[in-house]
Amino acid sequence: MKIRDPEVQERETQLLKEEDNLTKEQFQNRIEYLNSQQKRFDEGVDLAEKLTNLVNVMSNDDGVRGFIAGMSRSHRTLQQSSFALFLQWTYWIAEKYTNNDIDLRNQYMVERAKDIVKALGPYGKSLPLI
């Protein structure tokens, strides 16, 4: 099932309200932009699925080693961007998980995410792009 990007949905709703005030070309350009944003969102969803499939085995050492080997060969800027993604995921876990979302399978993860957020502070999820 395809997941719609909530930001795209919100912008589409706004765009439809503004349609009468735009030229056909302006409207089409904005639709194309929203479609490209949805495509990138879809790529993120696909990546999350691939990552969870990689780790969804009892012994995932081979996949983890492959992931680390692949990431270690990436361009340094892309390594930094990837690390920023992992930090954003960590902050999301720490901020969004409530007691109703936590059970013994993910309790340790949530606790460590909160420890990381506490150690890094509010600006820890954004890295300088050098």
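If only one of 59, 74 is over 23 Å from residue 85 (Cα atoms) and not in a helix (DSSP H, G or I), which one is it?
Result of the check over 59, 74: 59.
Among the numbered criteria (1) in a loop (DSSP other than H, G, I, E, B); (2) without any contact (Cβ under 8 Å) to a residue 12 or more places away in the chain; (3) under 21 Å from residue 67 (Cβ atoms), which one does residue 127 miss?
So residue 127 meets the others, but not (2).
Just a yes or no: is a residue in the stretch 50-61 at pLDDT below 95, charged (D, E, K, R) and over 19 Å from the mean Cα position of the chain (by Cα)?
The answer is yes; a qualifying residue exists.
Can you name every residue in the stretch 72-108 that is closer than 19 Å to residue 128 by Cα, surrounded by 12 or more Cβ atoms within 10 Å (Cβ to Cβ) and aliphatic (A, V, I, L, M)?
Passing the criteria: 84, 85, 87.
Restricting attention to the stretch 88-123, and to residues there that are closer than 23 Å to residue 47 by Cα and part of a loop (DSSP other than H, G, I, E, B), which single residue is farthest from the chain's Cα centre (by Cα)?
Here the answer is 105.
Quick test for you: out of 85, 16, pick the one residue that is assigned by TED's automatic domain parsing to the domain that holds residue 112 and part of a helix (DSSP H, G or I).
Numbers: 16 fails: assigned by TED's automatic domain parsing to the domain that holds residue 112.
Result of the check over 85, 16: 85.
Considering only the stretch 27-43, state which residues are of a type outside the set (A, V, I, L, M, F, W, C) and touching an Asp or Glu at 6+ places or on another chain (Cβ under 9 Å).
Of everything in the stretch 27-43, those that are of a type outside the set (A, V, I, L, M, F, W, C) and touching an Asp or Glu at 6+ places or on another chain (Cβ under 9 Å) turn out to be 30, 37, 38, 40, 42.
Of all residues in the stretch 80-113, which are closer than 16 Å to residue 126 by Cβ and not aromatic (Phe, Trp, Tyr)?
The answer is 80, 81, 82, 84, 85, 87, 88, 90, 94, 95.
Quick one: residue 32 ticks every box in (1) in the same structural domain as residue 7 (by TED's automatic domain parsing); (2) part of a helix (DSSP H, G or I); (3) modelled with pLDDT under 95 except a single one, so which number is it?
(3)
The values are calculated or read from the model by the stated rules, or taken from the named source; none is laboratory data. As the structure is a computational prediction, the values presented were derived from the model and not from experiment. Counting neighbours? That spans all protein chains shown, and the Cβs are built from the backbone with ideal geometry, glycine included.
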